[in-house]
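Peer 1: Before I ask anything, let me first share the structure, which is written out below as structure tokens.
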């Protein structure tokens with residue numbers, strides 16, 4: 001592949017990069033007609049730019065659906081461009097890849113080690129209940145389109161945050177996930193669990209831990225849903241596993257049912273709902 005850095009129309013491979021303000025290459029994505037061409041283009045790009053492969057981490061590879069596109073350009077990669085922009089990166093490429101009648105192309109995606117450390121949350125002690133979210137939103141992390149393990153103790157509805165084509169698996173068998181990660185795919189896998197330890201033997205590009213809500217956060221979320229002030233002291237002795245957004249929704253529904261069907265006042269309904277939610281009559 002000659003003149004790897006010269007933007008032009010190409011028929012074998014195209015290289016997209018995300019650069020920061022100082023023009024440092026933090027993100028690389030190669031599209032090619034096959035795996036061999038993708039690797040060849042990547043090697044030539046590293047060489048031409050004077051970059052070192054050891055400074056980058058491979059986060060995704062495999063076939064990607066391009067049916068109906070005709071060509072891959074910076075304009076066709078609107079979602080990728082927007083995701084990188086939110087991370088402070090500008091999308092550039094070395095031209096246009098004419099995919100002709102191809103339905104799928106091979107892709108390699110890499111990020112710099114420095115960028116990876118900024119995206120992936122730092123590991124903390126097991127008993128640390130503080131948030132481990134990276135300096136970006138959960139949606140922005142998932143929009144990167146890489147395989148992700150989410151220990152979701154907060155009860156966030158991940159379905160609404162997934163990029164197009166991503167597959168969400170809740171508490172899947174370890175063997176099934178291992179098989180998927182080993183396959184060549186044109187989509188990312190997102191595994192949601194309450195026990196990330198089950199999947200530690202596997203290699204995910206990103207591992208996130210969403211901790212339970214604090215009693216104050218739980219009370220604030222419930223207050224918004226039921227429309228009356230809720231004292232956080234009601235939840236100071238709540239089991240951490242119940243301090244999540246899904247239980248907020250369930251508790252709010254219970255309060256409204258007690259008001260509507262039992263004729264209770266909202267405050268009395270709230271106190272009874274908390275007891276019932278904990279299994280107390």
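The values are calculated or read from the model by the stated rules, or taken from the named source; none is laboratory data. Since the model is a prediction, treat every value here as computed from it, not as a measurement. Positions of Cβ are generated from backbone atoms using ideal geometry, with glycine treated the same way; all protein chains shown enter the neighbour counts.
Peer 1: Please return the ranges of strands (runs of 3 or more DSSP E) entirely within the stretch 85-137 where 1 or more residues are surrounded by 15 or more Cβ atoms within 10 Å (Cβ to Cβ) and modelled with pLDDT under 85.
Peer 2: Filter on the stretch 85-137 gives an empty set.
Peer 1: Next question. In this structure, does residue 75 turn out to be under 25 Å from the mean Cα position of the chain (by Cα) and either assigned to a strand (DSSP E or B) or farther than 28 Å from residue 103 by Cα (or both)?
Peer 2: When the stated conditions are applied, residue 75 does not pass them.
Peer 1: Out of all the residues in the stretch 154-206, which are in contact with a helix residue (DSSP H, G or I) (Cβ under 7 Å, 6 or more places away or on another chain) and touching a residue at least 60 places away in the same chain (Cβ under 8 Å)?
Peer 2: Scanning the stretch 154-206 gives 154, 155, 156, 163, 206.
Peer 1: Consider residue 83 against the criteria (1) in contact with a helix residue (DSSP H, G or I) (Cβ under 7 Å, 6 or more places away or on another chain); (2) without any contact (Cβ under 8 Å) to a residue 60 or more places away in the chain: it satisfies all of them except one. Which criterion is unmet?
Peer 2: Against the list (1) in contact with a helix residue (DSSP H, G or I) (Cβ under 7 Å, 6 or more places away or on another chain); (2) without any contact (Cβ under 8 Å) to a residue 60 or more places away in the chain, residue 83 comes up short only on (2).
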